[in-house]
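The structure appears below as structure tokens.
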Amino acid sequence: MSIQYYVALAACLFCIGVAGVLTRRNAIIIFMCIELMLNAVNLMLVAFSKMSPAVAAVNSSMGAAGTDAQLFVFFIMVVAAAEVSVGLAIIVMMYRNIHSVDINFLNRLKN
Amino acid sequence: MTLLTIDWGLVIEKLVLIAIIITASLVIAMYATYGERKVAAWMQDRRGPNRAGPFGLLQPLADGLKLFFKEEIIPNTSNKLLFILGPSLAMLTAMMTCAVVPWGDHIELFDRKINLQIADINVAILYIFAVVSLGVYGIMIGGWASNNKFSLMAAMRGASQVISYELPMGLSLIALLMITGSLSLREMVDTQIAGHWNILYQPIGFLIFFVCALAECNRAPFDLPEAENELNMGYHQEYSSMKLGFYLFAEYINMFISSAIMATLFFGGYDVPFLDESTLSPNIAAVIGIAAFLLKIFIFIFVFMWIRWTLPRFRYDQLMNLGWKGLIPLALANLIITGAVVLYLQQ
Amino acid sequence: MSIPYFLLDTQATGTTSDYLPIAIQLIFAVGFVATMMVLTHMFGPKRKTKDKLETFASGIETHGDARQPMAIKYFLVAILFVLFDVEVIFFYPYAVNFKSLGWTGFVEILLFVGFFLVGFIYIIKRGALKWED
Amino acid sequence: MNALILSAVFGMIMMFCSFLLKNKESLRHIASVGLLLLLIANIADSYGKHLFAIDTHGLLAFSKFGYLFNSIMLASTLVYVLVTGKEIEKYGKYTAEYFTLIFFVLCGITMLTCYNNLLTLFLGVEIMSIPLYILTGSDKRNMKSNEAALKYFLMGSFSTGLMLMGIALTYGGTGTFSLTTMRLSQGLYLNVASFLEIIGLLFLLVSMAFKVSAAPFHFWTPDVYDGAPSVFTSFMATIVKAAGFVALIRLFDVRMEATAKAIDWQLLVSIMIVATLLVGNITAVFQQSVKRMLAYSSIAQAGFMLYALMSVNDTAHEGLLLYAAAYSLATIGIFAVLVKMKDHTFEGYNGLGKTQPVLAATNTIFLLSLAGIPLTAGFFAKYLMLASLVKTGTYLWLVIVGVIFAAVSAYYYFRVIQAMYFKEGNPETEPVTSSFKFGLVAVAAIIVLLGILPTAILNWLYF
Amino acid sequence: MIALLLILIPLAGGLLTFFTKSERDAKSLSLFTAIITLAVAFAGVYDLLGVEKNTFNTSWLSFIGARFSIGLDGMGKMLCLLTAIAFPLVFGAVYDNTYKKAGTFYGLMLLMQTGLMGVFLATDMLLFYFFWEIVLIPAYFLCSGWGGEKRIAVTFKFFVYTFLGSLLMLVGILYLYYKNPEHSFALQSFYKIRLSAGEENFAFWLFFIAFAIKMPIFPFHTWQPDTYEQAPTAVTMILSGVMVKMGIFAVIRWLVPVFPNATVHFSSLIIILSVTGMLYASLIAIRQDDLKRLIAYSSIAHIGLMCAAIFSNQQVGMQGVIIQMFNHGVNVIGLWIVADAIETQLGTRKFSELGGLAQKAPALAVLLVVMALANIALPLTNAFVGEFMMFNGLFRYNIWMAAISGVSIILAAVYTLNMIQKTFYGNTSIVTDGAVEVSNGVKIMLVILVIVVIVLGVYPQPMLQLTNDAVQAALAGLK
């Protein structure tokens, strides 16, 4: 399969994620949408690392390894994990205080 | 489109293989329940099932049919969709794991060289971990969807236990990987056929893996999610009919598959020791290999049962402490020592 | 600006075909599970009563919803799992290339294990894994 | 490199100090000593004394600018801990952990000052951000703090997502993460791949705009700064924000010129500047709480720092350094006074000049510095920012917009001064120790010194 | 050396005064400092230590290119002298007043003197800007801290106006700096900059707005009457006597020579603005009921004339402006002293409440009349010389403009005499019934001023000589 399918899929996932973040009000769902965005990026990176002509060109001309994007994905996973732990902790903390994960509650801060 | 240029012969071949393997694993799982009861009876000096058919051999079939025709009850307060999804997922993951296990070397049939492995992928171990980790969703979703306090409690316990033991399980394999240098199960078996079984190099790794496998399958002494005397019956107590059947079945399939994986990783897979397969015709060699492999698996299954009916159940804190504070550091130490030794010998 | 790159066709693809059997198996498994579910639904008797449809609590009345906050410990375990599991992932590429990396790689992985242990000891010291209370 | 590694190490040391030491006071002292050592190590680094010889394979590239910026950030943090460290002890029992997190944030910052690869950029940003989410929510029982943490977290990770998309697209376009390789290879396929790269860079710009709270991606800032415990807001609004700008300017250094044919970065940034200045300043004028005013003012100050991106030249770099120093020190000082106040509204400051003359006087100097009045460091900071743009000879109208908003900013800064000196009132403050006063005076002295002879300090750090 | 001392002495004195505890210490210390400064200023003006001692130049901000370079030249000498004279006078005049936190008050006053000295001495553009802003800060605090009821808002208006103006100037400075091939802020180097017409016109306004706000020129004047009214009188004296001269000084030193073409180009516009301002201010002054506001508006009118005269681009006009800067400073300080004496004694400045003071305080009345006459530039007073020369210049530029601004002289006579009449003559009111003669301190100050007024009115020659070179420099570019 050629790369555009992967890129298009990743772009779709990413857009779904962004749309979710912007429209949903439930903190957990927003959070999941963010994770979706990250995974879309992972997919795109992996696709590029295998199939992007630019990557191939750099690899042949610069003598760099083509696996750097795959490595990057690992780091994204790590960071995502760290974010998950912190983010869930924050959401749980908030749930314990206001018994809701609806971010409309956040508007309270404005007053 | 690449899909159109596909080798349809290969697809049919794989389809047949899949059908055989899945059916085999289902049958083996079914008879594992029978075996379990027989072993239990034997250990407790009883007879076990003996009414249905000779030696009660038709008992699992009868059990299965009974479950199949039972009334299905979905509690009012539950989440219907998730309630159905839970056991389906459990069954699904159990059925998916066997895809990367090499059941034997190739056979030659109709001028085709057929690999006795559904998918020979180069990241087989990662695939197994990925699918096995999905298993926890089956438990969690089922327990949560039931909307029963006992179920939920059991599911939480189960989930915690499964994920806790996944860490040492992953770590224990790293030392092994350092020796073999590949994530492909097929290659791993090949190295073992050429050299020695990995159990000789990695006894501690195997021990950890084995303990974790017990915990992953929620087998005694780690069957906390099903602790009857604390939690009625566990995460599936609201289930009935085939949904319950799926949960129970999944457990036995998991047991079978983990035995297969252990045999593959540490005991040479379909390798028969002291036998030079190259002197035999491929088909005969393959049959012998499969037989050897199944034998190894059955031994493991027996060990599983043996342990279940021998050891008392762990307390929850003991379970967690063993996993986190015992196995993880042990696996790390194993990793470091293996690395140092291998590098030293390499010099 | 000329045509963006990603619209062009690319080099040889990877080993997607290796995964085809897995997809077949997935279809197979899903089909099996779904069929069984449907069949058992059709064949089973349907005599529902109120008592049957209530959640089971060993015979006593059920009290309220089960979806209440659980002990934070379970949550903590889940989070720690996520963190450490990701750390474990990092060992895999190393393990596969372990022999070619030699002693330098070993020293680096020792450092990594050191970091792992620092976090590990910290959470144990903090009592995140204390279940005996 | 020294600072990068040592900050992580000190972070871990602090982590374990929480078991070894029960005395909060000594924790703070250890942290201060750690920061001091870090600062010394970093200065040693800039003099060529590297403690660690590690081949980073081009992931990091060290420069004088980076070292100097590190020094400034570390010094600011040191000042921050010395002046407001006591307040950190108020939020829960995890004092040592808070210091740990601060060290980790510094680790991220030091990475951002020397990244040479999009991977290290990403890691730096995240190492910097994630501890901050925790710090924001550290006041666990306080609803506002919770909500601020959640908001910050969601916004932060959203921008992380955007940043990653940007990185992925840039990678697809250029075939590499390495800034050096990008620079070398841009001639090869710039004509074809620039489309992907430019979208990628746009994503990166947007995500960094989130981090530095530049309009129109600023909307989380006031709520988060307001909700977070004041003492951590102070850290967030100063050191962290400045680091974001350094990260941005490093990126712009490399990529702006290369892609300028395809996209007019200056136009984009100029729109951002105007929006940021407008939102920050105008909204700040209408605030009733000093803390919120400072939140908006930090947006406004971000607008000024954005000038460095308009004109990526030497003056912009120098200016950013000085701006970071001036702005951080002054804001830390203001927050140090703020946390001592019981009432955070403007009225709460009424008459402070009488009851706490030292606090009021130093606070005045900080505010003057923020407003950019000569004799304070803030003046040179603004001066260099504007100068860098004038130097390019384009977008002169933007400079005039800048000074008009600088005049507007005087309005709300002087409101505090007016309240302190010219209005009657009896402000309630927490007990103020003489060492705290001494700290404030020292910070004020640094600001004035930087305002009269900025070269004295910069040269000493530099050469 | 002298130049440096002129800055350092008030600075040191000011900082010391901050830490004085008692009011007496503060007063005497500040007065002492001011007198020393005056002595040094004399030494500088008459080159007692040699001309070469009058400049000071050292490196300052090498990375920007600015130097700490100051020097006393003709026009600078005159204004430094004015500054040096003004402060002891003011301190003397308000010696009897009590200010809360006297140490801070006098300290800030001296800091303001530092800034003023710096502005008049700086020969480096950035340094000039520095001092320009520094003057503002003490002024702000003084007015806000010790002023009248509406002081906070009014002072803030003043502050924002001038701050905005100076920021615009900063942009202009930057612009010129980067247009300057020598990349230097030095005065001489700025004089050499040659810009295209468009650039020059652009940069001209950046500077001119700053100066116009400071002077203030119509329509940038709105801060001025309020501020003068609300500020404590001692500060108002400095503001109107010295500080507004900063604007005019800056125009002559920094604007006209640097932008010769733009000066010519915009001269008519600016003269129209100035003349409008003069008429407008004079008319409003007539309607005033408040002594301070009246003086404030009269000040606007005078400044307008000076500005118009500068832009007439005539040597005689320019020279007149320079002299008039000094003279106006002296005169207006005198007026303020009188106003302050009346207010402190009677608690009011309203003409409607005053009257008949001449009977109660004859000496004050006489002195005021002299000052007032100087204010309307009667011959034999110092202002006459300057105004005459300015009108001369303006006349040469455009006869109609001169004529219209001449009207404002008449108006000045109207309101000034009206003021004298309402305050000092007529019947005593309830308020003025208990009035007594002013203190000897005030009298002495006023007498000194009157002497200056008359001496300079009769013998302005030294002044003219002093300012010659400055005028030449300013007009050099125009020819």
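The values are calculated or read from the model by the stated rules, or taken from the named source; none is laboratory data. No experiment lies behind these values; they were computed from the predicted model shown. Cβ sites come from the backbone with ideal geometry, for glycine too, and all protein chains shown count toward neighbours. The protein model used for the area step is the full one, side chains on, heavy atoms only, and it has no ligands, DNA or RNA in it. Shrake-Rupley method; radii C 1.70, N 1.55, O 1.52, S 1.80 Å.
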Quiz item: In segment D:252-287, which residues are closer than 24 Å to residue D:112 by Cα and either at pLDDT below 85 or among the aromatic types (Phe, Trp, Tyr) (or both)?
Solution: D:252, D:253, D:254, D:255, D:256, D:257, D:258, D:259, D:260, D:265, D:266
Self-check item: Single match in D:451, D:439 (criterion: at pLDDT 85 or above, open to solvent by 10 Å² or more (accessible area, probe 1.4 Å) and part of a helix (DSSP H, G or I))
Solution: D:439
Self-check item: Residue among E:336, E:254 that is closer than 23 Å to residue E:429 by Cβ and touching a residue at least 24 places away in the same chain (Cβ under 8 Å)
Solution: E:336
Practice problem: Could you please find all residues in segment D:379-395 being open to solvent by less than 10 Å² (accessible area, probe 1.4 Å) and within 12 Å of chain E (Cβ to nearest Cβ)? | Solution: D:379, D:380, D:383, D:384, D:385, D:386, D:387, D:388, D:389, D:390
Quiz prompt | Failed criterion for residue B:64 (all others in (1) modelled with pLDDT under 80; (2) open to solvent by less than 60 Å² (accessible area, probe 1.4 Å) hold) | solution = (1)
Quiz item: Hey, any hits in segment E:438-450 for a residue that's among the small types (Gly, Ala, Ser) and in a helix (DSSP H, G or I)?
Solution: yes
Practice problem: Look through segment D:422-435, keep the residues that are touching a residue at least 60 places away in the same chain (Cβ under 8 Å) and open to solvent by 70 Å² or more (accessible area, probe 1.4 Å), and return whichever of them is nearest to residue E:139 (Cα to Cα). | Solution: D:423
Exercise. Consider only pairs whose beta carbons are under 8 Å apart and that are at least six residues apart or on different chains; among these, list those whose first residue lies in segment D:312-339 and is on the phi > 0 side of the Ramachandran plot and whose second residue is surrounded by 24 or more Cβ atoms within 10 Å (Cβ to Cβ) and part of a helix (DSSP H, G or I).
Key: none
Quiz item: So which pairs qualify, if the first residue must be in segment B:180-196 and within 14 Å of another protein chain (Cβ to nearest Cβ), the second must be among the basic types (Lys, Arg) and open to solvent by 30 Å² or more (accessible area, probe 1.4 Å), the Cβ gap must be under 9 Å, and the two must be at least 6 apart or on different chains?
Solution: B:181/C:99
Exercise. Taking only segment C:68-111 into account, find how many residues are touching a Phe, Trp or Tyr at 6+ places or on another chain (Cβ under 7 Å) and of a type in the set (Phe, Trp, Tyr).
Key: 1
Quiz item: When you scan segment D:64-78, how many residues do you find that are at pLDDT 85 or above and farther than 16 Å from residue D:323 by Cα?
Solution: 1
Practice problem: Would you mind stating whether residue D:86 is surrounded by fewer than 23 Cβ atoms within 10 Å (Cβ to Cβ) and outside any helix (DSSP H, G or I)? | Solution: no
Quiz item: On the given criteria, is residue D:40 at pLDDT 90 or above, surrounded by fewer than 20 Cβ atoms within 10 Å (Cβ to Cβ) and hydrophobic (A, V, I, L, M, F, W, C)?
Solution: yes
Quiz prompt | When residues of segment E:92-103 are limited to those that are assigned to a helix (DSSP H, G or I) and surrounded by fewer than 24 Cβ atoms within 10 Å (Cβ to Cβ), the one nearest to the chain's Cα centre (by Cα) | solution = E:92
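To keep it simple, each residue is scored yes or no on (1) within 12 Å of chain E (Cβ to nearest Cβ); (2) among the hydroxyl-bearing types (Ser, Thr, Tyr); (3) in contact (Cβ under 8 Å) with a residue 24 or more places away in the chain.
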| site | (1), (2), (3) |
| --- | --- |
| D:372 | yes, no, yes |
| D:403 | yes, no, no |
| D:415 | yes, no, yes |
| D:437 | no, no, yes |
Quiz item: What residue, among those in segment C:87-132 that are facing another protein chain (nearest Cβ under 7 Å), of a type outside the set (Phe, Trp, Tyr) and over 28 Å from residue D:53 (Cα atoms), is least open to solvent (accessible area, probe 1.4 Å)?
Solution: C:129
Quiz item: Out of all the residues in segment B:104-112, is one or more touching a Phe, Trp or Tyr at 6+ places or on another chain (Cβ under 7 Å) and part of a loop (DSSP other than H, G, I, E, B)?
Solution: yes
Practice problem: Among the residues of segment A:62-102, count how many are at pLDDT below 75 and facing another protein chain (nearest Cβ under 7 Å). | Solution: 2
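When you go through B:163, B:174, B:141 one by one, which is the residue that is open to solvent by 10 Å² or more (accessible area, probe 1.4 Å), at the interface with another protein chain (Cβ under 7 Å from one of its Cβ atoms) and in a helix (DSSP H, G or I)?
Only one candidate qualifies: B:163.
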Quiz item: Which ones in segment D:210-265 are open to solvent by less than 20 Å² (accessible area, probe 1.4 Å) and in a loop (DSSP other than H, G, I, E, B)?
Solution: D:212, D:213, D:214, D:215, D:228, D:229
Quiz prompt | Hits in segment D:135-177 (condition: within 18 Å of residue D:204 (Cα to Cα), over 25 Å from the mean Cα position of the chain (by Cα) and more than 7 Å from chain A (Cβ to nearest Cβ)) | solution = D:169, D:170
Practice problem: Could you grab me the full set of residues in segment D:124-134 that are of a type outside the set (S, T, N, Q) and more than 7 Å from chain A (Cβ to nearest Cβ)? | Solution: D:124, D:125, D:127, D:128, D:131, D:132
Quiz item: Scanning for something more than 19 Å from the chain's Cα centre (by Cα), among the hydroxyl-bearing types (Ser, Thr, Tyr) and at the interface with chain D (Cβ under 9 Å from one of its Cβ atoms), does segment E:158-175 turn up at least one residue?
Solution: yes
Quiz item: Out of segment D:117-144, which residues are crowded, with 23+ Cβ neighbours inside 10 Å and farther than 24 Å from residue D:35 by Cβ?
Solution: D:117, D:118, D:121, D:122
Quiz prompt | Count of residues meeting criterion [surrounded by 10 or more Cβ atoms within 10 Å (Cβ to Cβ), more than 7 Å from chain B (Cβ to nearest Cβ) and under 17 Å from residue B:246 (Cα atoms)] in segment C:37-56 | solution = 2
Self-check item: Residues that are assigned to a helix (DSSP H, G or I) and more than 10 Å from chain C (Cβ to nearest Cβ), drawn from segment B:312-347
Solution: B:322, B:326, B:327, B:330, B:334, B:337, B:341, B:345
Practice problem: Might you let me know whether segment E:379-387 holds any residue that is over 15 Å from residue E:358 (Cβ atoms), open to solvent by 40 Å² or more (accessible area, probe 1.4 Å) and assigned to a helix (DSSP H, G or I)? | Solution: yes
Quiz item: Is there a residue in segment E:416-435 that is at negative phi, at pLDDT 80 or above, touching a Phe, Trp or Tyr at 6+ places or on another chain (Cβ under 6 Å) and surrounded by fewer than 21 Cβ atoms within 10 Å (Cβ to Cβ)?
Solution: yes
Quiz prompt | Failed condition for residue C:29, given (1) at pLDDT below 85; (2) of a type outside the set (S, T, N, Q); (3) within 30 Å of residue B:174 (Cβ to Cβ) | solution = (1)
